Amino acid sequence: MNIKSEKLRNGMLMLTLILVTIALMADMVIIPVAENLFSEFGDANVAILNFILTGPALIGAFSGLAFGKLMQYISKKKLLIIAFAIFSIGAILGFAVHNAYFMAAMRVLVGIGMGSLGVISMAIIADIFNDESKRSSMLGIFNGGMAAVGAAIGWISGFVATLGWSMVFRIYLVAIPILIMIFLFVPADETVPVKENKDDVDGSVDEKMPWTKVIALGVAFLIFSSVYCIAFYQISMIVTEKAIGDVTFIGTISALGTVGSFVACFLFGKTYGFFKRSTPIVAYTVMALSFCMLYFSSSSIIAAIACTLLGAMYGMGMSYYFMHCTMIVPESRIPMSIGFTSFCMSIGTFLSVYIATFLQSVMGVTTITEIMPVLITTLAVGAVLSAVFTIKDRKTGLVNSPEHEMSE
């Protein structure tokens with residue numbers, strides 16, 4: 001096989017999959033005009049308006065799980081085309097009719113694409129790149145590219161919104177050439193039926209799903225995502241509570257978090273090659289220290305550094321969990337494992353604001369800063385448990401034990 005041709009094909013494949021993440025970052029187009037949306041449909045039910053903003057994330061959690069299962073029966077390329085077409089229809093036609101209920105219906109389609117496309121894309125990467133080192137590098141590049149796409153469309157949306165808030169929906173027209181790229185650059189694949197029981201048809205693969213490991217890993221990722229997203233979604237409150245900056249500063253440190261995540265994801269291949277199974281120890285520890293910086297300091301510079309590190313550690317942790325979930329299951333079960341891991345991430349993200357409110361209620365406090373000791377303790381416990389079971393695995397030679405997965 002011609003090495004240059006293979007590199008070109010893989011390069012175009014990765015570019016296409018990175019561009020597909022416009023669906024995963026679709027909310028970056030809507031967020032800058034959220035206030036305009038509420039004003040435009042002021043007479044609509046508030047629940048409908050809230051669903052327009054956050055509903056796709058919840059829909060996406062379940063669509064990712066469903067498409068993870070479908071990949072056992074339908075080729076990944078076909079599902080990628082179907083899912084991206086569904087997203088494109090919902091996104092482009094989002095404001096085709098001046099009606100909040102119509103927009104909510106279109107956002108359901110966006111949510112289906114948002115949840116499924118990341119799962120399918122990562123399954124394709126896992127299929128193409130079998131080597132652990134190469135796979136970790138490509139998954140890191142994919143996640144880093146997603147962060148870059150999110151930052152880009154967020155900036156573009158802010159500019160386009162000055163021409164009229166509904167104009168932002170035209171940004172989604174870029175989905176049309178991306179759909180064409182999927183047809184051209186994503187290789188066709190075949191499905192191998194998975195044998196669920198001894199009565200299944202011949203030719204299927206008899207491989208059991210190690211649910212104990214997968215669920216433990218997913219729960220750990222859910223907790224990790226929840227803790228991070230408390231700061232991510234409510235950084236404006238933290239800045240206000242500590243009186244360290246204005247709206248411009250909030251935007252700046254939010255962008256720094258995205259930059260940190262972008263860099264960490266792109267470098268994940270190298271960091272994973274160095275830390276291997278100890279990667280979560282680093283992510284938990286540095287994230288805990290970053291929260292300590294936010295908690296104890298009232299310096300804007302320290303806050304900027306902390307937010308950059310938080311974004312970087314989340315990028316590292318996210319890349320690790322999606323990488324590791326492909327290594328602890330048989331090859332035929334990788335799509336389902338990725339789907340479940342994505343589901344856990346989405347649920348953790350969705351629950352983060354509710355967890356913060358619950359902690360405030362239990363502790364009898366009113367600020368995010370005051371619940372940080374609980375977040376720091378949670379991360380510290382995760383780091384210690386991860387270290388303990390990593391050492392145990394090295395001593396006993398056990399690989400991927402359930403306890404190890406729970407700690408990670």
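The values are calculated or read from the model by the stated rules, or taken from the named source; none is laboratory data. Note that the coordinates shown come from a computational prediction; the quantities given were computed from them, not determined experimentally. In this analysis, Cβ positions are derived from the backbone assuming ideal geometry, glycine residues included, and neighbour counts consider all displayed protein chains.
Residues in region 205-262 that are crowded, with 20+ Cβ neighbours inside 10 Å, β-branched (Val, Ile, Thr) and either in contact with a Pro (Cβ under 7 Å, 6 or more places away or on another chain) or outside any helix (DSSP H, G or I) (or both): 244 alone. Among the hydrophobic types (A, V, I, L, M, F, W, C) and either surrounded by 24 or more Cβ atoms within 10 Å (Cβ to Cβ) or free of Cβ contacts under 8 Å to residues at least 24 places away in the same chain (or both): is that true of residue 149 in this structure? Spelling it out, it is not the case that residue 149 is among the hydrophobic types (A, V, I, L, M, F, W, C) and either surrounded by 24 or more Cβ atoms within 10 Å (Cβ to Cβ) or free of Cβ contacts under 8 Å to residues at least 24 places away in the same chain (or both). In this structure, is residue 57 among the small types (Gly, Ala, Ser) and in contact with a helix residue (DSSP H, G or I) (Cβ under 7 Å, 6 or more places away or on another chain)? In short, yes. Of the residues making up region 11-38, those that are buried (at least 17 other Cβ atoms within 10 Å of the Cβ) and at pLDDT 90 or above are 13, 14, 16, 17, 18, 19, 20, 21, 22, 23, 24. Candidates 118, 94, 55: the one that is closer than 23 Å to residue 149 by Cβ, outside any helix (DSSP H, G or I) and not hydrophobic (A, V, I, L, M, F, W, C) is 94. Test each condition in (1) more than 15 Å from the chain's Cα centre (by Cα); (2) at pLDDT below 90 for residue 105 and report the one that comes out false. All conditions are met except number (2). Can you tell me which residues in region 339-389 are in a helix (DSSP H, G or I), out of contact with any Cys (no Cβ under 7 Å at 6 or more places or on another chain) and of a type in the set (Ser, Thr, Tyr)? Hits for region 339-389 are 342, 346, 354, 357, 361, 369, 377, 378, 386. Tell me, yes or no, whether region 72-85 has at least one residue that is within 29 Å of residue 335 (Cβ to Cβ) and in contact with a strand residue (DSSP E or B) (Cβ under 7 Å, 6 or more places away or on another chain). Yes. Checked against (1) at pLDDT 90 or above; (2) exposed (fewer than 15 other Cβ atoms within 10 Å of the Cβ); (3) closer than 14 Å to residue 22 by Cβ, residue 184 meets all criteria but (3).
Can you tell me which residues in region 7-44 are part of a loop (DSSP other than H, G, I, E, B) and under 30 Å from residue 186 (Cβ atoms)?
Let us first name the residues in region 7-44 that are part of a loop (DSSP other than H, G, I, E, B), namely 21-26, 41-44.
Within region 7-44, 21, 22, 23, 24, 25, 26 meet the criteria.
Does residue 104 meet the test of being farther than 30 Å from residue 9 by Cβ, assigned by TED's automatic domain parsing to the domain that holds residue 23 and in contact with a Phe, Trp or Tyr (Cβ under 6 Å, 6 or more places away or on another chain)? Spell out the reasoning first.
Numbers: farther than 30 Å from residue 9 by Cβ: yes; assigned by TED's automatic domain parsing to the domain that holds residue 23: yes; in contact with a Phe, Trp or Tyr (Cβ under 6 Å, 6 or more places away or on another chain): yes.
Taking the combined requirement at face value, the residue satisfies it.
Taking each residue of region 19-43 that is in contact (Cβ under 8 Å) with a residue 60 or more places away in the chain and looking for partners that are buried (at least 19 other Cβ atoms within 10 Å of the Cβ) and among the hydroxyl-bearing types (Ser, Thr, Tyr) with beta-carbon atoms closer than 6 Å, six or more apart or interchain, yields 20/121; 29/157; 32/157.
Sort out which residues of region 130-157 are in contact with a Ser or Thr (Cβ under 8 Å, 6 or more places away or on another chain) and hydrophobic (A, V, I, L, M, F, W, C), and write them in order of number.
Selection gives 139, 142, 146, 147, 149, 151.
Return the total of residues in region 279-305 being of a type in the set (Ser, Thr, Tyr), more than 21 Å from the chain's Cα centre (by Cα) and either part of a helix (DSSP H, G or I) or within 21 Å of residue 146 (Cβ to Cβ) (or both). Talk me through it step by step, then tell me what you get.
First pass over region 279-305, keeping only residues of a type in the set (Ser, Thr, Tyr): 279, 284-285, 290, 295, 297-300.
With more than 21 Å from the chain's Cα centre (by Cα) added as a condition, the list becomes 295, 297-300.
This time we only want the ones that are either part of a helix (DSSP H, G or I) or within 21 Å of residue 146 (Cβ to Cβ) (or both), so: 295, 300.
Residues meeting the conditions: 2.
Scanning region 376-394 for residues that are under 24 Å from residue 230 (Cβ atoms) and surrounded by fewer than 19 Cβ atoms within 10 Å (Cβ to Cβ) returns 377, 378, 380, 381, 384, 387. Candidates are the residues of region 113-141 that are farther than 17 Å from residue 189 by Cβ and surrounded by fewer than 24 Cβ atoms within 10 Å (Cβ to Cβ); the one that is nearest to the chain's Cα centre (by Cα) is 141.
For the residues 318, 327, the requirement of being touching a residue at least 40 places away in the same chain (Cβ under 8 Å) and closer than 21 Å to residue 146 by Cα singles out 318.
Rundown of residues vs (1) surrounded by fewer than 16 Cβ atoms within 10 Å (Cβ to Cβ); (2) within 19 Å of residue 371 (Cα to Cα), yes/no style:
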{"site": "267", "(1), (2)": "no, no"}
{"site": "270", "(1), (2)": "yes, no"}
{"site": "276", "(1), (2)": "yes, no"}
{"site": "290", "(1), (2)": "no, yes"}
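Yes or no: region 305-320 includes at least one residue that is in contact with a Cys (Cβ under 7 Å, 6 or more places away or on another chain) and surrounded by 24 or more Cβ atoms within 10 Å (Cβ to Cβ). Yes, region 305-320 contains at least one residue that is in contact with a Cys (Cβ under 7 Å, 6 or more places away or on another chain) and surrounded by 24 or more Cβ atoms within 10 Å (Cβ to Cβ). Taken over region 85-112, the criterion of being farther than 26 Å from residue 36 by Cβ and crowded, with 24+ Cβ neighbours inside 10 Å is satisfied by no residue. For beta carbons closer than 9 Å, sequence separation of 6+ or different chains, a first residue in region 292-306 that is under 15 Å from residue 371 (Cβ atoms) and a second that is in a helix (DSSP H, G or I) and not hydrophobic (A, V, I, L, M, F, W, C), the qualifying pairs are 294/242; 294/369; 295/369; 295/373.
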